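What follows is one structure encoded as C-alpha cells, with my remarks underneath.
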Amino acid sequence: MRNENFTVFRYRKGEIEIDLQGERDFVERQLADLLPRILAGEDLQNIRELENLKRGEKTEEPEPPVMRVRKRIELDEFRALKAPSNSVEHLLTLAYYLEKYEGFPEYEAEDLKKRWPDKSLEATWDEELLERCLSSGFLENSASGAFTLTFTGEQYVQGGF
C-alpha cells in the first residue's frame, strides 16, 4: 500500500542533483527554501548543505569570524607592565616581546643587546646572562644558533616571574 502523503522531488542541472523525498509537508518546506535560491542562480555545490537537506536537517550558518583586537604595545610599556626585577627577567621580557609582539621566532645575541634597557636600570648585560638563561631552561638555541624562548621561559614571563 502506497502512502499518499509521501512525495518525491528531483532536480538536476549539470553536476548538481537534488533529490527530496519524504512527507509532503517536509518536501514542500525544503522546496520553498531551495526554489528561490535555484532561480536566483545560487551556487548549490556545497555537498554538506545538500546532504543535510536530504536528511531534513537545517543547514548551519557558518560561524562569524572572531574579531581580535590587539593593541600595539611598545617595548618600554611592556617592560613597565611586566616589571622585571633582575637581569634574567629583563632578558626574558625582551625575548618574549620580540617573539609575541614583533614576530621574531628567534634572535641573535646582538639583537637582544641592541634593545637592552638603558644604563639607568640596575639590570646589566654580560655574556654570562645568556648562559644563565640557557642553563635555567628559559632559552634554547635554535638550529641556526640563534635563541628562542622555551615553553618554560614563556610561562615564567606570562606568570609574572
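Inside the stretch 101-127, residues that are outside any loop (DSSP other than H, G, I, E, B) and at pLDDT below 85 make up a count of 1. Among the residues of this structure, THR148 counts as one that is assigned by TED's automatic domain parsing to the domain that holds VAL88, surrounded by 12 or more Cβ atoms within 10 Å (Cβ to Cβ) and at pLDDT 85 or above.
Selection of the stretch 78-100 for residues being farther than 16 Å from PHE147 by Cα and either over 25 Å from the mean Cα position of the chain (by Cα) or not in a helix (DSSP H, G or I) (or both) yields ARG79, ALA80, ALA83, PRO84, SER85, ASN86, SER87. Across the stretch 1-36, the qualifying residues are those that are of a type in the set (Val, Ile, Thr) and modelled with pLDDT under 80, and the one among them that is surrounded by the fewest Cβ atoms within 10 Å (Cβ to Cβ) is ILE16.
Please verify whether ASN46 is loosely packed, with under 14 Cβ neighbours inside 10 Å, out of contact with any Leu (no Cβ under 6 Å at 6 or more places or on another chain) and modelled with pLDDT of 80 or more, treating the condition exactly as stated. Answer is no for this residue.
Look at the stretch 73-86: where a residue is of a type in the set (A, V, I, L, M, F, W, C) and a partner is at pLDDT 90 or above, sitting 6+ places away or on another chain with Cβ atoms under 7 Å, you get LEU75/TYR97; PHE78/THR93; PHE78/TYR97.
Across the stretch 96-138, which residue is surrounded by the most Cβ atoms within 10 Å (Cβ to Cβ) among those that are acidic (Asp, Glu) and more than 18 Å from LYS82 (Cβ to Cβ)?
It comes out as GLU106.
Taking the stretch 55-77 as the range and being at pLDDT below 65 and over 24 Å from the mean Cα position of the chain (by Cα) as the test, the residues that pass are GLU57, LYS58, THR59.
The values are calculated or read from the model by the stated rules, or taken from the named source; none is laboratory data. No experiment lies behind these values; they were computed from the predicted model shown. Ideal geometry is used to build each Cβ from the backbone, glycine not excepted, and the neighbour counts take in all protein chains shown.
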